[in-house]
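To keep things clear, I will list the structure first and then write my remarks on it.
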Amino acid sequence: MTESRIIACPRCGSLNRAALDRLAAGQTPSCGRCHAPLFDGHPVELKDAAAFDRLVGKTEIPVLVDFWAAWCGPCRAMAPEFEAAAVEVQPLARLAKLDTEAAPDIAARFAIRSIPTMILFANGRELRRQSGAMRRQEIVGLVKSAL
């Protein structure tokens, strides 16, 4: 039997089992409930604590979350790099963004003191943390360290 991973759907939140060999081959699975693709080449916008807990806590692939704010110049400068990195790491990992102004409870839970801060999670647990703007190659390297 092939090894698989649980991946939360970014649209409806349902949990989906995906074969690891198919993910490694770059095949993008669809959600069993809403039929939306589980990956679309873009970071997922996390709007609230429920979405964060479901996507980060239930997904069995690495998830890199960018904690940012709209008023932050370095955050805006890094946004295209983060977007480009999503294309390179999906579907073996997921990139997500959390606006610290819209979800201050999550920012407080993880003691975010400066932005941008990226936290790499695996199975809901924090693996690494990096503050400051990064280029695409550095973001990809950070994610690949967990694969």
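Got at least one residue in the range 105-119 being within 22 Å of T28 (Cα to Cα), surrounded by fewer than 17 Cβ atoms within 10 Å (Cβ to Cβ), in contact (Cβ under 8 Å) with a residue 12 or more places away in the chain and not aromatic (F, W, Y)?
no
Taking the residues in the range 11-27 that are of a type outside the set (A, V, I, L, M, F, W, C) and in contact (Cβ under 8 Å) with a residue 60 or more places away in the chain as candidates, determine which candidate is surrounded by the most Cβ atoms within 10 Å (Cβ to Cβ).
Q27
If you scan the range 28-50, which residues turn out to be assigned to a helix (DSSP H, G or I) and in contact (Cβ under 8 Å) with a residue 40 or more places away in the chain?
A49
I'm checking my understanding of the structure. Among residues of the range 28-73 that are in contact with a Cys (Cβ under 7 Å, 6 or more places away or on another chain) and within 20 Å of A18 (Cα to Cα), which one is surrounded by the most Cβ atoms within 10 Å (Cβ to Cβ)?
L38
Can you tell me how many residues within the range 20-45 are of a type in the set (V, I, T) and modelled with pLDDT under 95?
The number of residues fulfilling the criteria is 1.
Does G41 count as at positive phi and either among the charged types (D, E, K, R) or in contact with a helix residue (DSSP H, G or I) (Cβ under 9 Å, 6 or more places away or on another chain) (or both)?
yes
Kindly list the number of the only condition in (1) buried (at least 20 other Cβ atoms within 10 Å of the Cβ); (2) more than 19 Å from L55 (Cα to Cα) that fails for Q130.
Status for Q130: all satisfied but (1).
Mind listing whichever residues of the range 19-58 are among the small types (G, A, S) and over 13 Å from Q90 (Cα atoms)?
Listed by number, the residues that qualify are A19, S30, G32, A36, A49, A50, A51, G57.
The values are calculated or read from the model by the stated rules, or taken from the named source; none is laboratory data. Values in this document were obtained by computation on a predicted structure and should not be read as measured data. Don't worry about glycine lacking a Cβ; one is built from the backbone with ideal geometry, like all the others, and counts go over all protein chains shown.
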